[in-house]
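The next block holds one structure in the form of structure tokens; read it before the comments.
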């Protein structure tokens, strides 16, 4: 059955933080099975955009609408958006001292189970589930006993984000500069994880500075964002052109 | 316009308003009260009411004289209006018709109170293996399992009872660790203390039950001045637990306790407290002023005293459980979680005085400050010239929640020989919006997120608490912090 709703539909979105308008009439529609890449210079509003979709409390939505699977999510709490299937892989995953990765992951998993009235899993059962996912991103099980992101290298933090994505199995994954700070091997592992995860029922929104990631993940659309708006949309070829000519090329 | 930030905050504020102190009720009961105010006559009256020996009356009067010459200490990082000591009731006891032989003779209102507090005085506690002494305002109401304990030679009684029945032990040890003139509040306590607990663990005995005292201030104007004395003879061991609550009043109540521990050769005492006196409302009105002197003497070689405290209540906490490490190879430990919220103020820490050779001490302090509260760690590590090869490790971590709370650390270190080793670590961290958002984005709700971070922060302390206390402490902290993160 084909749903009549788009997975994500953003209409004329205007967003500010501390009275600074960051997003200005932004429009974007993402269908299931699509991979969108948003590129753009520093400060163009890419990260703000990703956080607003996830419901970060610091931003005020002044105008516009965000529809997820056909319903507005503007009044939903971040955790509700998460349960509905929105996942954000953070650009700078935060360290949480004193909380083990294992407890954190299990709690996240069980929160979602509870939301869908499914049985929660006990720690032993969970270990079976998470061990499968660990293999997909080449992570050692010893990461489980370490505190969330504490003392992780940049690459380990990013892999931990992808691990969480695989675990929570979201419909829409927003990956905010997941490629930055990765060496080429780590980039390959993560890309492989993402490609295997992707299917026709899901969508991915990649936020990136560089074309490099797009050598491994093939986007359906590439958007260029500047000054809080999408100023150009094209195919994967657009990313290549940008890499050669720079963002200046698009300036009018 | 949807302001996401306001939305999350509003939700928390609503919760803050609805947050209640679950022990805030008071009990209506007939009381025997000595007129408020303090003078020699009050003290004589207390002593007479308690049918004390002349040793004790002299002890009290001497303390009163000292107290009159002293003034309130001002060095702590605390601000509070002057206390009028003449406005306090120094003796308030539930009217008992006669000496109680059996729990069934206790006023059912009182039993109900303790029942409400989750303190069952009946023999049900047998299952939990805890013997309890319950102190209500000024008087010990009931001590459980005395028979059982006496089989192993352990004495567990109210201090009033001990004063009459074991005068030799009292005369030998009372005031031996905390001298009556030690400080302003210990002098006051020595003059007017009305009850408390007494434990004596004989030589070569491991106390078969955990001992526990439950303190309850009920009367609005009464102060509670309890006195606890624990003596562990050679090769003995005891675990002692203390819990405290008080009703909710607009006025401040004074609590000035003295706890003395004596550990002889090879003996070990573990003293755990979960303090949850009423802390005042969210604007800082009311609450208990908690000025407590707790000190342990490791008199014998290889002795060990360990303090564990979870301080969550009181509007003011002034408390430094300390160890005098006199015996060679003796050990002192201090594990503390102090949580302050709203307008609470805490100035707490420890003193480790090393006098014997090879003495060791360990200090782990965790301070959590939320709301507009002030939370200070104040500690002294003093290694004297005779304490050769002494060692100390201190760790002081502070956790800030919100932007208006305040955390301070005042560590004093004095080392007078060159063979000793001292380590001090400190950290300050903050539960920030970004950490919370990380949890929320993964579908974990706010309360759960805070709980997880707090129990992670306090992990090292909670493992020191007896099991049922640890679970209670974990819950208590989460409850106290409800709504403080926005």
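Quick notes
- The selection criterion, being over 18 Å from the mean Cα position of the chain (by Cα), surrounded by 22 or more Cβ atoms within 10 Å (Cβ to Cβ) and within 14 Å of chain B (Cβ to nearest Cβ), holds for residue A:15.
- Any hit, the stretch B:268-289, residues being under 24 Å from residue B:357 (Cβ atoms) and more than 18 Å from the chain's Cα centre (by Cα): yes
- Failed item, numbered, when residue A:52 is tested on (1) within 28 Å of residue A:211 (Cβ to Cβ); (2) within 13 Å of another protein chain (Cβ to nearest Cβ); (3) part of a loop (DSSP other than H, G, I, E, B): (3)
- Scanning the stretch B:301-329 for residues that are over 22 Å from residue B:461 (Cβ atoms), part of a loop (DSSP other than H, G, I, E, B) and in contact (Cβ under 8 Å) with a residue 40 or more places away in the chain turns up B:301, B:303, B:315, B:327.
- Taking (1) touching a helix residue (DSSP H, G or I) at 6+ places or on another chain (Cβ under 6 Å); (2) more than 10 Å from chain B (Cβ to nearest Cβ); (3) without any contact (Cβ under 8 Å) to a residue 40 or more places away in the chain in turn, residue A:83 satisfies each apart from (2).
- In the condition set (1) crowded, with 18+ Cβ neighbours inside 10 Å; (2) over 30 Å from residue B:429 (Cα atoms); (3) modelled with pLDDT under 95, residue A:45 is compliant with all but (2).
- So residue A:114, is it under 29 Å from residue A:52 (Cβ atoms), within 14 Å of chain B (Cβ to nearest Cβ), more than 17 Å from the chain's Cα centre (by Cα) and modelled with pLDDT of 90 or more: yes
- Residue B:59 meets the stated requirement of being touching a residue at least 40 places away in the same chain (Cβ under 8 Å), more than 27 Å from residue B:315 (Cβ to Cβ) and under 27 Å from the mean Cα position of the chain (by Cα).
- Among residues that are within 20 Å of residue A:87 (Cα to Cα), buried (at least 19 other Cβ atoms within 10 Å of the Cβ) and within 19 Å of the chain's Cα centre (by Cα), residue A:55 is included.
- For residue A:204, the conditions (1) closer than 17 Å to residue A:34 by Cα; (2) free of Cβ contacts under 8 Å to residues at least 60 places away in the same chain; (3) outside any helix (DSSP H, G or I) all hold with the exception of (2).
The values are calculated or read from the model by the stated rules, or taken from the named source; none is laboratory data. Only a predicted model underlies this, so the values are computations on that prediction, with no experimental measurement involved. Using ideal geometry, Cβ is built from the backbone for each residue, glycine included, and neighbour counts are taken over all protein chains shown.
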